[in-house]
Structure formats: C-alpha cells, structure tokens
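Trainee: This structure is in structure tokens; I'll ask about it shortly.
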Amino acid sequence: MTALLARDLRLAFRAGGGFGLALAFFLIVVVLVPFSVGPESSLLAAIAPGVLWLGALLACLLSLDRLLALDFEDGTLDLLVGAPIPLEGALSVKALAHWLTTGLPLVLAAPVLGVLLNLPLAGFGWLTASLLAGTPALSVIGTFGAALTVGIKRGGLLLSLLVLPLYVPTLIFGAETARRGAMGMEATTPLAMLTGITLATVALMPFASAAVLRMGLR
Amino acid sequence: MPELGKYAVEVLSAYAVSLVILAGLVLLTLRRGRAARAALARAEAETKGTVDAV
Amino acid sequence: MSIWQYANPVKFLALSTRVQPVIWTAAVLCVAVGLLWGFFATPDDARQGATVKIIYLHVPAALMAINAWFMMLVASLIWLIRRHHVSALAAKAAAPVGVVMTLIALITGAIWGQPMWGTWWVWDPRLTSFLILFLFYLGYIALWEAVEDPDTAADLTSVLCLVGSVFAVLSRYAVKFWNQGLHQGTSVPVATGGRSVADVFFYPLVVSMVGFGLLFLALVLYRTGTEIRLRRASALLARAGRES
C-alpha cells in the first residue's frame, strides 16, 4: 500500500502528471471573480469564503477524471482488483494520494488567495481549518465518482454531473464555517458537522467505490 | 369558468404548463412503447428459426 | 405463490398488461376529477385568492417526485440483492417520471411564489432540496444512458441510487442548517401555504394525489414493459448474431 501511495505521488509530480494544474485553476478562478462581480472591497470580502470554497471544490473536481482513468487504460486497475490487498484499501490510498497532491496544496494556497479577495482577518484561520477538514471528503467522494465512470468513454462531464450533487453537504458546511468565521460568528458547529461528514465518508465511501469498480470492470 | 380574479394568469399558466408537460411525458412513453413493440416483433421475425423460442 | 414470481419478465408482462387498462382508467379519472373539482368547484382562499388552486398540481407532483425516488431506491435494493431484471428496469423506467414530477413541482411552485412571496425563487430549504433532488435524477438518468452493458448499468445506477439517497437526506439537513444560518430571523412562509388545509380544499387534493399516484404507477408499468421488450429484442438479435 505504501508502494502504491509512493507510485501515485511520483506519477502526480512527474511532468504532465497534473500536479499544479489544480492550483493554477484555483488561482485563475479566484482572479476572475473580481472581474465578474466588480472590484468593490466590501463585496469581495463578503463573498470571499464562498468563492474560495467553490474554487477549491471545482479545482478538486477537475483532477478527478485522471484519478482512475490512467490506471484503467494501462491495466493497473485490473491488477489492483486482483491484488492481494483489499480494493477498498487500494482506493483509500488512491484517494489519499489525490488529496495530498490536490487537496492539501489547495488548502495551503487558499489563505494566500484570500488576501486577493480581501478576506477579513478573522476568516483566515477558519477558512484553512474548514478546507483542511472538508477537502478529504471531496477526494473520497470524487473517488467514488471516478470509479462509477471509469469504463465510460468521455466520462468527464458525466463525472461532474454525478459528483457535484454529492458535494452539496460538504460545500454547505465548509463554506458556512468559513463565512461564519469571517463574520466573527461562532463557527464550531458547522466545522463539527463538516468533520463528521468527512470522517463518515472516509470510513464508508471506499466500500461503495470498490463495489462499483468491481461491477464496472467485470 | 370560475372567477380567478387578479391571479388568472398565474393559475391558468400553472395548469397549462403542468398539463402540457404531463401530456408530453405520456406521449413520449407511448411512442417509445410502440417502437419497442415493433422492434421486438422485428427481432422475433428476423431470428425465427435461428434461435430457440424464448 | 409468492410475489417474486412476477420477477419473471413474461409473468410480469402478462400481469401488467392485464391490470394496466384498469390503472390507466382510474388514473385519468382521478386526475381529471381532482383537477376539475379543484379548479371549478372550490372557493378561493381568503389570503391566497385563486392561486390556492395551484395546490392541486403542486402537492401531488411534489409527493410523487419524492415517492418516485423512494420506489427507485427499493427497486435498486431488490436488484442488488435478488438480481431480478424487472426490478432494475422498473427503476430505470421510473426515473424520467420522477424528473417530470419534480419539474412540475418546481414550476408550479415558482408560479405560485411569484404573486405570494413576490419572487419566483427563494433559497428556502424545501425548494433547495427539490432542486438538489432534480440534479440527482439527472445524474442517475445520465449514468443509465452512458453505460453500454445493461447489467453493469443496472449495477452502477443502483449503487448510485443508494449513495445518492444518503447524500440527498444529508443535503436536506445541511440545507436546513445553511438557510437558518443565512437568514436568521426572517421567515419564509413556505409550509403554511394551505398545508393545514380546510376540508373544501382537502378532498379534491386527496383525489388529485391518488390520481397522480395511479398515473405514476401506470406510467412505470408501461415503461417497464417497454424496457423489457427492448432488452429482449436486443438479446434475440445478439444471440442470432452469435449463432449464425
């Protein structure tokens, strides 16, 4: 399993592996927002938590279709299904690799981009905390979506259609935490709910992902 | 025709839109059903003798 | 004799062909009576005026939108556990009907909301949940369309339906939390709009609800038959192709 993690990480960091692409996308989305809503600082400050969360979510979504598709094409996935390690574990590792190469950089970049959007000072800590607590859920749910669409040609759009509704609870609690934090309100309740969702999805979703992957590859 | 007062447009449009959508659904369903019957009949005629009766 | 004998497609088709005329007649009758009764023979509400008449479309459609998903959930479970093809096909057949019901509920709600709340749309928990339900339906149907092998498609969509149900419920509670957080103190008069209705409005509403339920049943039976025939036709052709 460690070998699988190391392999996925190496592949991601290699040129053309997609690492950094999500970050660049995140940056561009955040830069485009003031162009679309106007440069007014107070407005930007008000929408900053939501924009940063949505941007991170979309950036996460962007890299999902490569999560399993490349392994499907070169046959690695068939090996994994037949491998002595449980498929659930292998998919958890792949989700972890996705989070380390996509989610974690987004978490680290978000406060920097928060400056661009005039995020209130009180919001930085809550934003980082909420992203840290929420992005693992995005990766795990995304793995399920990728497993659903793995054998489908041009499954990218379908993947978005399937995964985005599943992201709703995470987005709501995540953005709510950041927004309340930025407004100086009490934000531990949504943060606790967000953490709960993340823990539950991390624990349960790999089973669903492995099940659909076995069905899809049969 | 009942007196709908100032909300006539809303009520009538709600009924019209809903009934049109429902009728569309029923019509599409029936058309697809007829096409399926025809396809099955064609398939049965074509494969007669080559496949055991199913 | 158990209910599972109708998992046999031939028996299912025979039974459904036999009962369909009755169900279709009853459905059309109930919908017509409910809507005509509601439209022509009920008084206007003191507060809502004539817009109260929209309730005879809105509430039954919303009811069936949720029940259709619930039926798909049960059918998906039966498919996953007992591998009855009819069950999977019934779930597939029900999805578009559910979409239409959701759409009607959303549209009539918007038309009612415009004069009553002064806006087509508010991000009220109930409305938002329905919109999310609509998205789930779309994803479910899109997945059916995208997967080529029918049994794999049935498997994948069934799991999506199960997972989607969990997330739909989760979204419902998340949305409630989110909206309270956003609009603290403001109350949107959603659930009060004639829900605790007087008898004059209630009886035609019940007839209409029964009618929509029967209409759903009739449509699903018919569409399931369609799917079975299509499947059998392609199976026949495939087998002939292999043998020749």
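The values are calculated or read from the model by the stated rules, or taken from the named source; none is laboratory data. A quick note: this is a predicted structure, and the numbers were derived from the prediction, not measured. Quick reminder, even Gly has a Cβ in these numbers, built from the backbone with ideal geometry, and neighbours come from all protein chains shown. Areas reflect the complete protein model, heavy atoms only, side chains present, ligands, DNA and RNA absent. Shrake-Rupley method; radii C 1.70, N 1.55, O 1.52, S 1.80 Å.
Trainee: Helices (runs of 4 or more DSSP H) wholly in the stretch A:1-115 with at least 2 residues that are among the β-branched types (Val, Ile, Thr) and free of Cβ contacts under 8 Å to residues at least 40 places away in the same chain - which ones?
Mentor: Filter on the stretch A:1-115 gives A:21-37.
Trainee: So which residues in the stretch C:57-88 are within 13 Å of another protein chain (Cβ to nearest Cβ), in contact with a Phe, Trp or Tyr (Cβ under 9 Å, 6 or more places away or on another chain) and closer than 22 Å to C:Ala154 by Cβ, if there are any at all?
Mentor: Of everything in the stretch C:57-88, those that are within 13 Å of another protein chain (Cβ to nearest Cβ), in contact with a Phe, Trp or Tyr (Cβ under 9 Å, 6 or more places away or on another chain) and closer than 22 Å to C:Ala154 by Cβ turn out to be C:Ala68, C:Trp69, C:Ala88.
Trainee: Something else about it: Applying the selection to the stretch C:25-45, what residues are touching a residue at least 24 places away in the same chain (Cβ under 8 Å) and open to solvent by 50 Å² or more (accessible area, probe 1.4 Å)?
Mentor: C:Val28, C:Leu29, C:Val33, C:Trp37, C:Ala41, C:Pro43
Trainee: Sticking with this one: Within the stretch C:118-132, does at least one residue satisfy the condition of being surrounded by fewer than 17 Cβ atoms within 10 Å (Cβ to Cβ), at the interface with chain A (Cβ under 10 Å from one of its Cβ atoms) and within 19 Å of A:Gly145 (Cα to Cα)?
Mentor: no
Results for (1) open to solvent by 10 Å² or more (accessible area, probe 1.4 Å); (2) among the acidic types (Asp, Glu); (3) in contact with a Ser or Thr (Cβ under 7 Å, 6 or more places away or on another chain), shown as yes or no for each residue.
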{"residue": "A:Pro111", "(1), (2), (3)": "yes, no, yes"}
{"residue": "A:Gly114", "(1), (2), (3)": "no, no, no"}
{"residue": "A:Ala122", "(1), (2), (3)": "yes, no, no"}
{"residue": "A:Thr128", "(1), (2), (3)": "yes, no, no"}
{"residue": "A:Ala147", "(1), (2), (3)": "no, no, yes"}
{"residue": "A:Ser160", "(1), (2), (3)": "yes, no, no"}
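Trainee: Right, here's the next one. State whether the residues of the stretch C:189-202 include one that is modelled with pLDDT under 85, touching a strand residue (DSSP E or B) at 6+ places or on another chain (Cβ under 7 Å) and under 24 Å from C:Gly49 (Cα atoms).
Mentor: Yes; the residues of the stretch C:189-202 include at least one that is modelled with pLDDT under 85, touching a strand residue (DSSP E or B) at 6+ places or on another chain (Cβ under 7 Å) and under 24 Å from C:Gly49 (Cα atoms).
Rundown of residues vs (1) under 17 Å from C:Leu215 (Cβ atoms); (2) within 18 Å of the chain's Cα centre (by Cα), yes/no style:
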site: C:Leu15; (1), (2): no, no
site: C:Ala26; (1), (2): yes, no
site: C:Arg47; (1), (2): no, no
site: C:Ala61; (1), (2): yes, yes
site: C:Ala65; (1), (2): yes, yes
site: C:Leu80; (1), (2): no, no
site: C:Ala90; (1), (2): yes, yes
site: C:Ile104; (1), (2): yes, yes
